[in-house]
1. When only Cα pairs under 8 Å and 6 or more residues apart are kept, what is the percent relative contact order across the chain?
2. If you plug each phi of segment 267-274 into the Karplus form 6.51 cos²θ - 1.76 cosθ + 1.60 with θ = phi - 60°, what whole-Hz ³J(HN,Hα) values come out, in order, with x for Gly and Pro?
3. If you roll a 1.4 Å probe over the heavy atoms of the protein chains, what accessible area per residue do you get for segment 102-207, in Å²?
4. Just the number, please: carbon plus sulfur as a percent of the accessible area of the chain, 1.4 Å probe, no ligands or DNA/RNA counted.
5. Among the Cys residues of the chain, which have no other cysteine Cβ under 4.7 angstrom away?
6. Kindly state, to the nearest 0.05, the FRET efficiency for Arg95 paired with Asp383, given R0 = 45 Å and r defined as their beta-carbon distance.
7. Would you calculate the separation in nanometres between label points at Arg287 and Ser118, each defined as 7 Å from the Cα along the Cα-to-beta-carbon direction?
8. Which order do Arg406, Arg264 take by accessible area at a 1.4 Å probe, largest first?
Amino acid sequence: GLLLLAAALGGVAATRCPAPCVCDNLRAHVLCLNGSLVAIPDTIPELTKKLDLRGNSFTVIPAGAFHATPFLTHLDLQHCKVERLEEGAFRGLGRLVYLNLASNSIALLYQESLDGLSSLQQLILEGNRIEEIQPGAFGHLGSLTVLDLRANALVYLPDLVFQGLQVLRWLRLSHNALHVLGSEAFAALPALRRLSLDHNELQALPGEALARLDGATRLDLGHNPITYVAEEALAMASLRHLFLDHASLQDVAPDAFARSPQLRMLDLRENQLQGLPPLAGAGGLARVSLDGNPLLCSCLLRPFHNWLARARVQAEGACAPPPALRGRPLDSLKPPEMRCSRHRPPLSPTMPSEQPRAAGSRRCPRGCICSPDFHHGSCENRDLQEIPRDFPGDTRLLDLRQNTFRTVPPDAFPGLKELVSLHLQSCGIRELQPGALRGLESLVYLYLTDNHLSTLAAAAFEGAPQLAYLDLDHNAFTRMPMGAFQLLPNLISLHLQHNAIGELAEGDLAGARGLRWLYLAGNAIRHIAPAALAPTKMLEKLQLEGNRLVEVPTAALQGLPALSELKLSQNPIKRMGDSVFLPLASSLQHLYLDNMGLEQISPRAFAGLGPKIRSLYLESNKMSNIPNMSNFTGLEILNLQDVPFHCDCQLLPLHRWINTLNLRVGATCGSPAEARGLKVKLSTTFQTCAGWGRSEAGETNPEKTMAASKPSKKKRSGKSSARGFSKSRA
């Protein structure tokens with residue numbers, strides 16, 4: 001027995017724990033939080049079951065990255081700046097049940113990106129910039145029950161995109177930009193019970209795609225610009241809860257839900273409905289919510305009101321006109337009160353008829369692969385020198401990567417009216433000739449990464465008006481292709497990262513009025529003209545990291561009322577003056593100021609910012625103090641690592657404020673000598689300061705120094721409005 005005990009103790013002692021990680025051998029749990037890791041450590045104990053790598057900087061997860069830890073069951077990679085998952089990145093993790101990749105920069109999921117995760121039950125991909133999912137990407141995840149794709153950049157879901165997810169129960173697609181769904185997009189999801197499609201760009205109820213979900217009981221479609229629900233639009237046999245709130249509904253057909261016989265609750269809040277007809281066929285309906293609609297309580301509403309009484313349906317809502325009934329709840333009205341008036345409800349908007357889909361022949365160019373099930377054509381890495389033709393007319397994804405085309409001539413893709421996604425990465429392309437994309441009237445995604453393009457003419461995009469995602473990363477642009485986007489009214493996302501662009505001039509983005517995400521990292525931008533971003537009134541994300549800006553481009557940020565994320569990391573900005581972010585005071589939520597060599601921040605640099613700020617990155621800079629941020633009460637992430645704070649009495653307010661937060665901020669003392677390396681939160685150097693131990697109410701004026709905010713009742717009860725460092729949103 002003693003020999004066995006000694007052997008066990010020796011095994012634990014010999015277990016390696018890579019710096020700067022913490023290893024709990026009893027629970028087989030390793031934490032490497034918020035460090036400077038740029039590669040997955042290969043010295044993590046082999047028997048580790050839970051590995052937490054949040055807040056590091058991996059960029060790429062290479063093939064076989066976790067081969068040394070085959071017993072992992074939980075892996076957390078949130079906030080790790082991951083841009084790419086190589087094929088086979090997780091191969092060998094057959095025991096993994098939980099994988100969190102939230103809040104990274106992943107743009108594309110390939111077919112083998114998630115290979116090897118046969119036991120995975122929860123996959124969190126929220127808050128990335130995934131624009132496209134290739135069919136088959138989830139084909140190896142046969143045990144998955146929850147898939148979270150919220151807050152990405154999806155516009156289109158192809159047919160069978162979720163094939164292989166036989167036991168998936170909840171699919172979360174909220175907060176994307178979806179407006180095109182393949183009719184078979186949700187096929188092969190027999191166990192799905194809940195589908196979240198709220199906060200997208202759907203203009204009509206996608207009835208054909210939803211009809212494949214026989215077992216779904218809850219459907220969230222709120223916050224979509226849907227104006228009308230047509231006859232028998234929804235055929236979901238098991239649906240019980242339907243949310244269509246905060247849409248643009250003006251009318252609902254009487255038998256809209258007749259083919260969803262189990263429907264119990266219908267949420268129609270905050271629409272533009274003046275009334276509803278009796279809902280024929282919805283015999284099981286128990287509650288209809290109509291709060292926030294301009295209900296016209298005239299005689300025209302009597303049939304609906306009578307139906308509510310007969311069917312014993314509870315209705316929530318109140319009258320708008322006529323003035324005599326304004327504010328009266330529906331359930332308090334008597335039929336004689338609903339008198340006839342001259343008002344008439346608007347006619348039902350006519351729904352556009354669906355275009356019949358061409359069956360498409362099964363021809364395919366020599367040397368290429370054409371999949372009739374996925375409508376997918378591929379000639380990847382075939383050493384082609386000319387773009388092949390004669391693909392099936394119903395092709396929707398065409399992959400021509402890693403060939404040698406040099407140029408894309410006019411009318412290069414004839415007969416491909418249904419093509420949605422076109423991949424031309426790494427093809428040596430130097431020119432897109434006028435009319436190159438002519439006829440691609442359904443094209444949404446165009447990938448031209450890793451080519452040799454230095455100019456672009458607007459005429460190159462003639463005939464592709466639906467283009468929403470344009471990726472021009474890693475080309476040879478030395479300036480923005482001025483006027484090139486005039487023919488792209490639906491452009492949402494523009495990638496021009498890792499080129500050699502030196503400035504943004506006025507007129508560069510003319511025509512890009514719908515642009516939401518602009519990626520310009522890794523260029524050589526020194527100057528942004530005050531009116532350069534003026535056309536992009538809807539811009540939400542602006543990524544400028546890794547350029548040569550020496551000051552915050554405050555003037556250029558005027559007139560961007562929707563901008564919520566600004567990245568200025570790795571620019572040589574040494575000093576930050578007063579009110580530099582004031583133009584974004586009403587919208588900014590995520591601010592990246594890390595790795596800049598920042599030496600001084602004005603006390604009023606953050607003037608106007610406050611509770612809206614959710615994440616602030618200031619790590620790896622050179623300042624010794626920071627301004628008052630006591631009103632940043634909505635913080636979820638605050639990173640102050642590798643900042644040489646001078647822990648004297650001037651920093652006491654920061655010490656106090658940090659202690660009120662339920663955040664892991666990483667702030668350490670750089671001086672004086674006796675405090676060097678200590679956490680600001682725990683340093684004892686402040687105990688000699690005048691006012692040490694005073695109550696929160698008696699602290700220094702917050703206008704002059706960083707004052708601690710008075711804890712709220714939630715904080716006193718052990719909770720906080722600021723959640724833990726790098727915790728993903730609920």
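The values are calculated or read from the model by the stated rules, or taken from the named source; none is laboratory data. Since we're looking at a predicted model, the values are computed, not measured. Cβ placement follows ideal geometry from the backbone for every residue including glycine, while neighbour counts extend to all protein chains displayed. Quick note on the areas: whole protein, heavy atoms, side chains included, nothing else; ligands and nucleic acids left out. Shrake-Rupley method; radii C 1.70, N 1.55, O 1.52, S 1.80 Å.
1. Dividing the mean separation by the residue count of the chain yields 4 percent.
2. 9, 10, 4, 6, 10, 10, 7, 8
3. 25 Å²
4. Carbon and sulfur atoms account for 51 percent of the accessible area of the chain.
5. Cys80, Cys427, each lacking another Cys Cβ under 4.7 Å.
6. Using R0 = 45 Å, I get an efficiency of 0.65.
7. 4.5 nm
8. Arg406, Arg264
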